[in-house]
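Heads up: the structure comes next, in C-alpha cells.
The values are calculated or read from the model by the stated rules, or taken from the named source; none is laboratory data. Model, not experiment: these values are computed from the prediction. Reconstructed Cβ throughout: ideal geometry from the backbone, glycine too, with neighbour counts over all protein chains shown. Keep in mind that these areas ignore ligands, DNA and RNA; they rest on the heavy atoms of the full protein, side chains included. Shrake-Rupley method; radii C 1.70, N 1.55, O 1.52, S 1.80 Å.
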Amino acid sequence: MGQTPIRIFIVSNEQGLTERLLNAIFSEEDLAIAGLAQDLENAIGLAQQAAPDIVLVGEPLEGAEDRLRRLAIQAPLAVVIAVCPREDPGCAQRALLAGARAFVLDPFSPDELCTVIREVHAIESERQARLGLGPISNEGAKSEEHSTYRERGRSSPIASRRSSVFALIGPKNGTGRSTIAVNLALLIRQQTKKEVLLMDVRHTLGDLDTMMNLIPTTTLADLGPDVFDMDEHLLRSVLLKHASGVWVLLSPQWLDGERLPSPDGVAHILELAGRLFDYVVIDCGPLSDPYTAVALQHADQLLLVVVPEVPALHRAALFLEAVHRSGFSPERIHVVLNRATARGGITPKHIQERLGVEVSFTIPEDIPLATYSINQGIPLAFSHPRSAIALSLARMAERLVSQNDFAPAATVQANAGGPRWSRLRGLLSGS
C-alpha cells in the first residue's frame, strides 16, 4: 500500500463550496476526506473524533472567531486552513488571529487548493517531527485511538454491557441495504452520543469502505480463522473509526475464504461486540452467505429492506417464511420499504398484503442524491441532513432506539449450530 493520504475535514454550510472542495480533493490520490460538518460548533467534536490532518473551514468567520479558536485548540494535531472570499480582505487576518495556519482565497482553482494543503501539511509534519510528536497521519491517529481504548478496556466493566443489535438484510442486490445501514449507524450515534459499531458481516467484498471513504487497512480477515481466544483488544485493533465517531468492521477485500473466521467464529465476534458497544448495526451479506444466519441469530431487531418490485417482494416473502419457521419472533422483524415513491412501483398496501406483515418504515426515492452520496463516499446523514431521505432515516433511527430500549434483549442460543438455526442456514442457502 502506498503513502497514507492526507486526511481532510471540511466545514462548510454552503453546498456549492462544499461540492467544489470535495471535487478538488477526490481527484487527488494523496488526499482523502475524513469528515464533513456544516458549522464550526459541530465540527469541534467531530474533528476530535475523526483525527484529521487538515481542517478546511469555509464557514463565514465574522462573529465565529471564538469557535474557530476553540477548534484550533481542541484539535491541536489538525492544521486549520481557512477558505476566505476574495471580496472580504479582512477574512484572512481574522482567520490567522483565531488560530488558522493558512488561508485560500475563494474562488480558487483545484491546483491552488491542493498545493496549499500539501505545503501546509509538509511544514506541520516536519514541525511535529522536530518536537518529537512524529509526523501527522491517519495511522498515528488510529494508533492513539486504539491505545485510548486499551486503557478504557482495563478500567471499565465491559462484560456488563449488552448492546442493541440491528441486522439489515436485503432479499436481493440493489435494495439500498448498505446505504441504509451506514446512515442508520451514523444517525444512532448522533442521536444517542453512545458507542456504535457498524459491521459488514459477509465473506468478501463489501461496500462500506467506499461508501464511507475509509481506507481498508484492516478487515474481518485480519482476525484469522481461529478467533475463539480473541479478546476486546484484538477486536478493537481491526476496527476503523469514521469521522462521525462510528466504529466500523469491514469485510475482507479478497475472494480467498480459507483465512476467514468460521460462522461459529463470527458468532464469537458478535458476542464480544455486544459487550463492547451500546449499539451494533450489521450490514448482512447475501441470503446464501454462511455468516447471514449467524448475524440474524444475534439480532434484537431484523430490518428487511425491500423495494417496490415483484422479484424483490417474492424473495422477501420466501425469506420471511424461512425466518418464521426458524423461530425468529415476528415482533422483531421490520420491513423497510426503500424507494417507496418510485414511479410505477407497488404501493405499500399491496406490499403488506403480499408479505403478510406491516411495512414499518418507508424511505422516499431520490436516485440522484443517493448516487451522489455513494460516489462521493459521504453518507447522506452528513452531506444532506435535511433531505427527505435523511429525515426519514432519522425518524427510523429514533423509533428503533426507543423501541429497543424497552424491549427484552434477544435470546441467543449458546450453540450457533442449533437445530433451528441450522435449518435456517439451509433455507437461506437454497433461497
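Could we say that ALA340 is open to solvent by less than 40 Å² (accessible area, probe 1.4 Å), modelled with pLDDT of 85 or more and part of a helix (DSSP H, G or I) here? So ALA340 fails the test.
Taking ARG150 as the residue in question, decide whether it is assigned to a helix (DSSP H, G or I), surrounded by fewer than 20 Cβ atoms within 10 Å (Cβ to Cβ), basic (Lys, Arg) and at pLDDT below 85.
Details: assigned to a helix (DSSP H, G or I): yes; surrounded by fewer than 20 Cβ atoms within 10 Å (Cβ to Cβ): yes; basic (Lys, Arg): yes; at pLDDT below 85: yes.
Yes.
Looking only at residues of the range 286-335 that are under 27 Å from the mean Cα position of the chain (by Cα) and among the hydroxyl-bearing types (Ser, Thr, Tyr), we find that the one that is farthest from LYS349 (Cα to Cα) is TYR291. Taken residue by residue, the range 64-85 has no member that is at pLDDT below 85, part of a strand (DSSP E or B), closer than 30 Å to VAL196 by Cα and among the small types (Gly, Ala, Ser).
Within the range 78-85, one or more residues are closer than 25 Å to ARG189 by Cβ, open to solvent by less than 80 Å² (accessible area, probe 1.4 Å) and touching a residue at least 40 places away in the same chain (Cβ under 8 Å). Counting the residues of the range 1-25 that are at pLDDT 85 or above and under 19 Å from ILE117 (Cα atoms) gives 17. Given the structure, is MET230 more than 20 Å from LEU272 (Cα to Cα) and open to solvent by 10 Å² or more (accessible area, probe 1.4 Å)? No: the conditions fail for MET230. Return a yes/no flag: does the range 40-55 have any residue that is closer than 27 Å to ILE215 by Cβ, in contact (Cβ under 8 Å) with a residue 40 or more places away in the chain and over 24 Å from the mean Cα position of the chain (by Cα). The answer is no, given that none of the residues of the range 40-55 is closer than 27 Å to ILE215 by Cβ, in contact (Cβ under 8 Å) with a residue 40 or more places away in the chain and over 24 Å from the mean Cα position of the chain (by Cα). Sub-9 Å Cβ pairs linking a first residue in the range 361-387 that is within 20 Å of VAL335 (Cα to Cα) and without any contact (Cβ under 8 Å) to a residue 24 or more places away in the chain to a second residue that is open to solvent by 20 Å² or more (accessible area, probe 1.4 Å) and in a helix (DSSP H, G or I), at least 6 apart or interchain, are ASP366/ALA388, ordered by first then second residue. Only one of the numbered conditions (1) within 13 Å of the chain's Cα centre (by Cα); (2) open to solvent by 20 Å² or more (accessible area, probe 1.4 Å); (3) hydroxyl-bearing (Ser, Thr, Tyr) is violated by SER244, and that is (2).
What are the residues in the range 1-19 that are surrounded by fewer than 20 Cβ atoms within 10 Å (Cβ to Cβ), touching a residue at least 12 places away in the same chain (Cβ under 8 Å) and of a type in the set (D, E, K, R), if any? Hit for the range 1-19 is GLU14, nothing else. Could you please let me know if GLU271 is of a type in the set (D, E, K, R) and modelled with pLDDT under 85? In short, no.
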